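Peer 1: First the structure, which I've put down as structure tokens, then a few questions once you've had a look.
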Amino acid sequence: MSTSEGRAAGRADRARYTQLLDHAGRTTVALRAAPGGAAARPWGSGVLIAPGWVLTCAHVLAASDGRRRDTGPDGVFGVTFDGRVVPARLAYDLSRPDPAAGPAAARADLALVQLLDPETEHPCAWLSDQPATLLEDAYIFRGHDASGAVAEGDGDAGAGHRGERVVRDAGDGGDPRDGRPEPGGGPGTRGRGAHGVPAGPRAPAPPVDPFIAVRFGARDARGLQFGSDVRVSPGASGGPLLDCDRGEVVGVVKGRHQQDHVGLAVPVTALRGLGPEHLVSGAEGLGPDPYHALMSLHDRWHWAGQDLGRTAGPTWFDAQHMIMAGRGRLWGVQERLQALDLLARLPAPRDPLVVEAAVGEVLERGERPGAWLLRTWRDGHGALYQGSDPYTELRAFVHYLRIVAQLTADEVRDAPGDEAAAVREQAARLAEFVQAKAVVLQPQDRRRIGPVRRRPRSVLVEFEPLFYDEGGQELFNWSVSEGYGQGQWLRVDVQESAGGVPFEQAREQVLRRLGGRLLRADGDAGPNARVRLEVAVPEGRWDTAAGQWEVAASTRRTARLRPVGPGRAVILRDQGRREQVDPAWLRRWQGLAAARELQALRIPPRPGADAGSGSAEAIWRLLETAGEGALPALCHTVADGFGRDAVGVALDTGFPAGLWPAHGHGEERDCDAGCEEFHRGVRELLQGSGGVARLPELVRQLRAKAAEAAEEGTHWARDLVLLYDDPEDPIPPLFTDRPQMSPR
């Protein structure tokens, strides 16, 4: 290629940056004395990053002798952009030491300035969500006063309002500006407010310094270093460092070395250290989690700027599209823009470690921590750019967003109120977005991202009977599933064979693994959580005393065994009830849930073996006509005979809950004082329950007291069985090749 052809190709490539440079120039501001005060040169620069917020260096707000700048009343000073000066005040100073963190804690030379007029419209720069390493094509920007005066600087690096180019190569030996956008040129140089709305006439563009070729740009322990072929003029401290290859602001210019041509910038990822402790006295602030709030404002503003009905000019993302065109990315500018808007509408993660765990799961790096601090879902998104091929990159982002959607939904799964409902709605929107983006993935990858580590609410053990020969032995298969509510289950262990095993053997197989499974589910559920144990058994096994099962207390190979019932809620479920919700079952459940008070419905014993069908009909009538708050209670054994029939009738008439002892008496003896104590205890339990939803925990508390003999008169509850069958959370399908996650 000839020299002239090379220059022409360079000009065509650099022309793509013109629009981006214009956007960056219009978001760069100058900081100066209060509006209306004595004329003075600007103190330094800053960059508009969210509606009403300017990011700058903390040292810009200090004079050369280290003292605070002279400001107006209440610390008011001026921010200049678009030919106007607006009032502002320092809100957050990240260079202030945190007393709780100790003297050795790292501090960033960053500050957030708040514009005081909430009606001020302005554009916003795009802050990168990923750490910057090597800078191959970048610019720095410096703000100007309305009069054209440049920032006075304090030995800092400087640049023109339209930018000083930072490159690795000085070119081909020709004019340094050959093929580059002219400082004041390019489309769209007229100032605009938020979402591109015209903001009125601007002052004439002041003179600017020429573009400066820079020999390198890279990150080290001190921050982002960049070097030029000539000394950089002062004045850009607090201004943005723009990576043109990515179309993002990756740093805030901090200063330059006195003896050479090297400059230093603070990475924008240092903002992740922003906390409420950095709020200055008298400022309003952004709430208890200012970093999450700030970046949510940033991401939502940029998404709103893409409104198809707008009549404004090109946006920052239009410029990014122009830069990224032809790179073959499957997760491009549009996908990132929409994903970050959806993430911005979710609450902050409950713990930054949750973000790290989600990223680690996607990148398959186990428990090894990443190299960068991750605070929010946005930070996790930025950590997924690994230089992979386009398909692998798309798969990673889809997988990560799937995890975030599920974790967020689980956090508010059972929470009441409009706020929790709104979070569930936003999580559902994110899940729909993920589903739409996953359609291009290969089937094995769609299956891979389906089972996500979630916050379980229960562990279900299910015994499936295979044979019922009267003269033979009943044989069973079994499975263990984690439950997430609303009929969503993930099968995590299964014993399935053609012949099955006896019930006692199946139970022993389950118990050998159940302790570790419960502990893992507790860990996934959150700090100090104890998930519920649910046991689904067929008719004839309703006397299963699951609350008295003993399981391993830790994951040690020789761990001691402890009863499960006193430490966690344990409930029994009917193995015959599944996805097909009987109307009577749902109606009874809704009646119990709405009842102001629950009443024990004592099932009377059969009057005699020769009573015929009349007594059975009496049980049917009793149960069918029971009130909404009624809950059956039996003191008979439910393994066979009258008790088994009575429970069967209760289930057939829709009752979702019931109480009985695992070792109730048979028909060979009548009720005695122990039965009366049992029924009295059940009545007292239900009268003070506060609703059916609290029953599992109340029964657990009773079991704990009975096990410790801590309270007189609770021994009757040691083997208490609670049938608790929620039709809004039916047990999963029988063993099948269908996907593991059961539909609602």
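The values are calculated or read from the model by the stated rules, or taken from the named source; none is laboratory data. What you see is a predicted model; the values in this text were computed from it and never measured. When we count neighbours, we look across all protein chains shown, and the Cβ atoms used for this are built from the backbone with ideal geometry, even at glycine. Ligands, DNA and RNA are stripped out before the accessible areas are found, and what is left, the full protein with its side chains, is counted by its heavy atoms. Shrake-Rupley method; radii C 1.70, N 1.55, O 1.52, S 1.80 Å.
Peer 1: Rg (Å, one decimal) plus Dmax (Å, integer) for the alpha carbons of segment 368-436?
Peer 2: For segment 368-436, the Cα radius of gyration and maximum Cα-Cα distance read 14.0, 44 Å.
Peer 1: Largest first and to the nearest Å, give the Cα extent of segment 276-419 along each principal axis.
Peer 2: Cα spread of segment 276-419 along its principal axes, largest to smallest: 45, 43, 33 Å.
Peer 1: Given points 7 Å out from each Cα along the Cα-Cβ axis, report the Gln580 to Ala428 separation in nanometres with one decimal.
Peer 2: Placing both labels 7 Å along Cα→Cβ, they lie 2.8 nm apart.
Peer 1: If I take R0 = 25 Å and measure r between the Cβ atoms of Val439 and Gln486 in this structure, what FRET efficiency does the formula 1/(1 + (r/R0)^6) give, to the nearest 0.05?
Peer 2: So the FRET efficiency works out to roughly 0.55.
Peer 1: Leaving ligands, DNA and RNA out of it, report the carbon-plus-sulfur percent of the accessible area of segment 249-355 at a 1.4 Å probe.
Peer 2: Here it works out to 55 percent.
Peer 1: When the Cα atoms of segment 281-356 are enclosed in a convex hull and the volume is divided per residue, what value in Å³ results?
Peer 2: It comes to 155 Å³ per residue, whole-number rounded.
Peer 1: Pop the C-beta distance of Arg327 and Glu419 into the FRET formula with R0 = 25 Å and round what comes out to the nearest 0.05.
Peer 2: 0.05
Peer 1: Work out how much length Glu136 to Glu121 would gain on full extension: take 0.36 nm times their residue separation and subtract the Cα-Cα distance, in nm to one decimal.
Peer 2: 2.1 nm
Peer 1: Let me ask something else. If I compute solvent accessible area with a 1.4 Å probe over the protein chains, what percent of it on segment 584-725 is carbon and sulfur?
Peer 2: About 46 percent, which is the carbon plus sulfur part of the accessible surface.
Peer 1: Any chance you could list the semi-axes, whole Å, largest first, of the equivalent ellipsoid that the Cα gyration tensor gives for segment 445-594, using √(5λ)?
Peer 2: 24, 22, 17
Peer 1: Can I ask one more? Ignoring everything but the protein chains, give the 1.4 Å probe accessible area of Tyr291 in square angstrom, nearest 10.
Peer 2: So the heavy atoms of Tyr291 present about 10 Å² to solvent.
Peer 1: At 1.4 Å probe size, with no ligands or nucleic acids counted, give the accessible surface of Leu519 in Å², nearest ten.
Peer 2: Surface accessible to solvent at Leu519 totals approximately 60 Å².
Peer 1: So, one more: Beta carbons within 10 angstrom, averaged per residue: use that to sort the peptides 493-505, 689-701, highest first.
Peer 2: Going from most to least packed, we get 689-701, 493-505.
Peer 1: How long are the semi-axes of the equivalent ellipsoid of segment 621-709, taking √(5λ) for every eigenvalue λ of the Cα gyration tensor, in whole Å from largest down?
Peer 2: Working through the eigenvalues yields semi-axes of 21, 19, 11 Å.
Peer 1: Now, a different point. For a Förster distance of 22 Å, can you work out the FRET efficiency between the beta-carbons of Glu697 and Asp640, rounded to the nearest 0.05?
Peer 2: My answer for the efficiency is 0.10.
Peer 1: Another question about this same structure. What is the projected area of the convex hull of the Cα atoms of segment 515-648, averaged over all directions, in nm²?
Peer 2: 11.0 nm²
Peer 1: What order do Glu597, Glu364 take when sorted by accessible area (1.4 Å probe), most exposed first?
Peer 2: The ranking, largest first, comes out as Glu364, Glu597.
Peer 1: Please calculate how many Å² of accessible area segment 476-600 carries per residue, with a 1.4 Å probe and no DNA, RNA or ligand atoms counted.
Peer 2: Each residue of segment 476-600 exposes 46 Å² on average to a 1.4 Å probe.
Peer 1: Please list 275-287, 47-59 highest first by mean number of surrounding beta-carbon atoms within 10 Å per residue.
Peer 2: Those peptides, ordered most packed to least, come out 47-59, 275-287.
Peer 1: Next question. If ligands, DNA and RNA are left out, what is the accessible area of Met324 with a 1.4 Å probe, given in Å² to the nearest 10?
Peer 2: Near enough 40 Å² of accessible area.
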